[in-house]
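**Q** Have a look at this one.
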Amino acid sequence: MLQNEYLKRVYEEVQRRDSHEPEFLQAVLEVFESLELVVDKHPEWEKAGLIERFVEPERVVEFRVPWVDDNGNTRVNRGYRVQYNSAIGPYKGGLRFHPSVNLSVIKFLGFEQILKNSLTTLPMGGGKGGSDFDPKGKSDGEVMRFCQSFMTELYRHIGQFTDTPAGDIGVGAREVGYMFGQYKRIVDRFDGGVITGKGLTFGGSLARTQATGYGLCYFGAEALKHLKGESYAGKTVVVSGSGNVAQYAAEKCTQLGGKVVAMSDSQGYIYDPRGIDLKKLFDIKQRRRARISVYADEVPGSEYHEGCRNIWNVKCDIAMPCASQNEMDAEGAKALIANGAIAVFEGANMPLTPEAIALVQGSGLLYSPGKASNAGGVATSGLEMSQNSIRMSWSFEEVDEKLQGIMKNIYKACYDASVECGRPGDLMVGANVAGFLKVAEAMMAQGVV
Ligand code: NDP
């Protein structure tokens, strides 16, 4: 429960206006609980209506996306772009194509993105977008026609100095390529900085594909070393999901000496006690775009279990949830704790329910919120924009080195803020406070806008 009167009043107003947006309310409350530790020291914020402005998106765009399927039928999806906060730079944040997408989901992601982008130290504001379109089971032609239709509306709202989308769930290199192609055709300009996650032949950055998963492990390694005197070496790891973030989190943590024994998709999870064969997994997911159950069909000694939520019953030292929001609830957290886990590093956005976070933190596990530990993706998107601006490409090693530096700095900023708030090692408080203070200062300096 919030104690501070100002935050309480603003939260009640958000609840009243947006009562039908549960994910958004959950994200706001989590951030407000951290801000209680600093808001008392800044009475000027209330006078300036700072928190009221912070929770209200600068602009929300919702639009129709009509397209024609392979059978000649017309389909209609709903598209969104939430341009949340541009105090420290142009809006920046991914596009999600998934049937569960609605305004609540996009607003929660956009809100989190403000703080995440601030933590990267790069000049990027917060935004997010997407559609309830499901790319799964669609032909390449259908995905292309959908992406072209989506961009035919979105193009008028974006630009390298306004808003730069990127990928997220259901939006990878294929979708970004189709959207960039349509944007270029409409505006008749090769404006590389308009979208990130592009292919390497047309302005993409080396290491962007790996960045979120690799960055997660760099952050985790730093936290393990500093707070527990530990490392990934010899640890058993469970990674949920098997998409972009999960694949490269598994790869990097394996390189750092960890053993990933379980991974999942939305239907179920695989368990391989000898450690997941990542070459096989990449082939199934990247080339064949098949279900994760195929792994157990083809790898002797591995098992497939229906129901992705049960993945947290697998005994491990480190858990890295990399699938979707609220994928680990209190039951999942209890199972991890009972099995002696030492850390939970979030790769997805808001994968733990508030109850799960309370249990994990209450039991002394090391916990990092996604907005800090998955910020390597957007940070490297920022590096992609830098390369587009200077018309140069950096090597994989150069980008990876910058990414490692950024993740170490994010960890330090979170830890230092946690100390200043009197909660040393509480990286959730640290991430929320460190991310917010920079945005708050910029908003105060720019007046009531
Ligand atoms: P992908 O689409 O590449 O992969 C998503 C994975 O999660 C798939 O294995 C998918 O299974 C599974 N999944 C999706 N929805 C659910 C669900 N409701 N329950 C269980 N499993 C689910 O997405 P990303 O890897 O890009 O994104 C994963 C998470 O990381 C998201 O929260 C995203 O916002 C976050 N993130 C991504 C970044 C990036 O750079 N890509 C950057 C920062 C955060 P299936 O194939 O069966 O649907």
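**Q** Let me know the whole percent of all Cα-Cα pairs from segment 34-114 that are separated by more than 18 Å.
**A** Details: 1806 of 3240 pairs.
Taking all Cα-Cα pairs of segment 34-114, the fraction more than 18 Å apart is 56 percent.
**Q** Here's something else I'd like to know. List, largest first, the extents of the alpha carbons of segment 93-188 along their principal axes, each in whole Å.
**A** 38, 33, 20
**Q** Could you pull out the pairs from 128/228; 107/259; 259/279; 107/228; 285/408 whose alpha carbons sit more than 24 Å apart here? Write down the numbers at each step before the final one.
**A** Numbers: 128/228 35 Å; 107/259 36 Å; 259/279 14 Å; 107/228 35 Å; 285/408 30 Å.
In this structure, 128/228; 107/259; 107/228; 285/408 exceed 24 Å between Cα atoms.
**Q** Something else now. Enumerate the amide H contacts of residue 166 below 5 Å, restricted to partners 5 or more residues apart or on another chain; note that Pro and chain-start residues carry no placed amide H.
**A** It is 93, 94, 95, 196, by chain and number.
**Q** With contacts defined as alpha carbon pairs under 8 Å and 6 or more residues apart, what's the relative contact order of segment 43-175 in percent? Spell out each step's value before the answer.
**A** Values: 254 pairs, mean separation 38.0, N = 133.
About 29 percent, as a whole number.
**Q** Under 10 Å, Cα contacts only: if you run a Gaussian network model on the chain, which one of 292, 337, 186 comes out with the highest mean-square fluctuation?
**A** Answer for the Gaussian network model of the chain: 186.
**Q** Now a separate question. With 10 angstrom as the radius, rank 154, 437 by how many other C-beta atoms surround their C-beta, starting from the fewest. Walk me through the numbers before you get to the answer.
**A** Details: 154 25, 437 17.
Listing 154, 437 from fewest to most nearby Cβ atoms yields 437, 154.
**Q** Follow-up question, since we're still on this one. Quick one: 3J(HN,Hα) in Hz for segment 292-303, Karplus 6.51/-1.76/1.60 with θ = phi - 60°, rounded, Gly and Pro as x.
**A** The phi angles translate into 5, 4, 4, 4, 5, 5, 10, 10, x, x, 9, 10 Hz.
**Q** So how much slack lies between residue 187 and residue 423, counting 0.36 nm per residue of separation and subtracting their Cα-Cα distance, in nm?
**A** Working: separation 236, 0.36 × 236 = 84.96 nm, distance 5.01 nm.
Contour length minus the Cα-Cα distance gives 80.0 nm.
**Q** What 222 nm value per residue comes from the helices of the chain, counting each DSSP H run with n ≥ 4 as -39,500 (n - 2.57) and dividing by all residues, nearest 500 deg cm²/dmol? List each step's numbers first, then the result.
**A** Working: 17 runs with 209 residues, N = 449.
Mean residue ellipticity at 222 nm (helix-derived): -14500 deg cm²/dmol.
**Q** Taking square-rooted eigenvalues a ≥ b ≥ c of the alpha carbon gyration tensor, is segment 288-417 rounded, prolate or oblate, where a/c under 1.5 means rounded and, failing that, a/b exceeding b/c means prolate?
**A** Values: a/c = 2.54, a/b = 1.37, b/c = 1.85.
Oblate, since a/c reaches 1.5 and b/c is not below a/b.
**Q** Any idea what the dipole of the chain comes to, in debye rounded to 20, about its Cα centre with Lys/Arg Cβ at +1 and Asp/Glu Cβ at -1? Don't skip to the answer; put the middle values down first.
**A** On the way: 50 positive and 55 negative charges, 202 e Å.
It comes to approximately 980 debye.
**Q** Quick one: compute the contact order of segment 68-140, relative version, from alpha carbon pairs under 8 angstrom and 6+ residues apart, as a percent.
**A** 43 percent
**Q** Listing 20, 157 from the residue with the fewest other Cβ atoms within 10 Å to the one with the most, what is the order? Kindly include the intermediate steps, with their values, before the conclusion.
**A** On the way: 20 10, 157 17.
Exposure proxy ranking, most exposed first: 20, 157.
**Q** While we're here: Taking R0 as 22 Å, what FRET efficiency do you get between residue 62 and residue 17 from their Cβ-Cβ distance, rounded to the nearest 0.05? Walk me through the numbers before you get to the answer.
**A** Numbers: r = 16 Å, r/R0 = 0.74.
About 0.85, to the nearest 0.05.
**Q** Let me ask something else. With just the Cα atoms defining each centre, how far is segment 315-359 from segment 117-152? Give it in Å.
**A** The two parts, judged by their Cα centres, are 27 Å apart.
**Q** Also: If you scale each eigenvalue of the Cα gyration tensor by 5 and take the root, what three semi-axes come out for segment 32-183, rounded to whole angstrom and sorted largest first? Before the final figure, lay out each step's value.
**A** Values: eigenvalues 223, 41, 32 Å².
The equivalent ellipsoid of segment 32-183 has semi-axes of 33, 14, 13 Å.
**Q** Residue separation times 0.36 nm, minus the C-alpha to C-alpha distance between residue 309 and residue 278: what's the value?
**A** Using 0.36 nm per residue and subtracting the Cα-Cα distance, I get 9.0 nm.
**Q** Return a whole-number percent for the relative contact order of the chain, with Cα pairs under 8 Å and 6 or more residues apart as the contact set. Numbers along the way, then the final one.
**A** Details: 918 pairs, mean separation 67.1, N = 449.
That works out to 15 percent.
**Q** Can you give me the Cα centroid spacing of segment 398-435 and segment 90-104 in angstrom?
**A** Measuring centre to centre over Cα atoms gives 25 Å.
**Q** Then there's this: Would you mind listing how long segment 8-55 runs along its three principal axes, going by Cα atoms, in whole Å with the largest first?
**A** Between the extreme Cα coordinates on each principal axis of segment 8-55 lie 32, 18, 14 Å.
**Q** Work out which chymotrypsin sites (Phe, Trp or Tyr not before Pro) in the chain are exposed loop sites (DSSP not H, G, I, E or B, at most 14 other Cβ within 10 Å) and give the longest gap free of them.
**A** On the way: sites that count: 161, 190.
Answer - 191-449.
**Q** Treat the count of other C-beta atoms within 10 Å as a stand-in for reagent exposure and order 144, 428, 151 from fewest to most.
**A** Values: 144 19, 428 23, 151 26.
Starting with the residue having the fewest Cβ neighbours, the order is 144, 428, 151.
**Q** Please report, in whole Å³, the volume per residue of the convex hull around the C-alpha atoms of the chain.
**A** Values: hull volume 61.3 nm³, N = 449.
So the per-residue Cα hull volume is 136 Å³.
**Q** State log₁₀ I(q)/I(0) for segment 156-309 at q = 0.09, 0.12 Å⁻¹ as given by the Debye formula over alpha-carbon point scatterers of equal weight, solvent excluded.
**A** Values, matching the q order: -0.37, -0.62.
**Q** Write down, largest first, the equivalent ellipsoid semi-axes of segment 172-250 in whole Å, where each equals the square root of 5 times an eigenvalue of the alpha-carbon gyration tensor. Please report the intermediate quantities before stating the final value.
**A** Working: eigenvalues 254, 33, 13 Å².
That gives 36, 13, 8 Å for the three semi-axes.
Since every read-out is calculated from the coordinates, none of them should be taken as a lab result. Keep in mind the model is a prediction, meaning the values are calculated, not measured. As a convention, Cβ positions derive from the backbone with ideal geometry for all residues, glycine included, and neighbour counts pool all protein chains shown.
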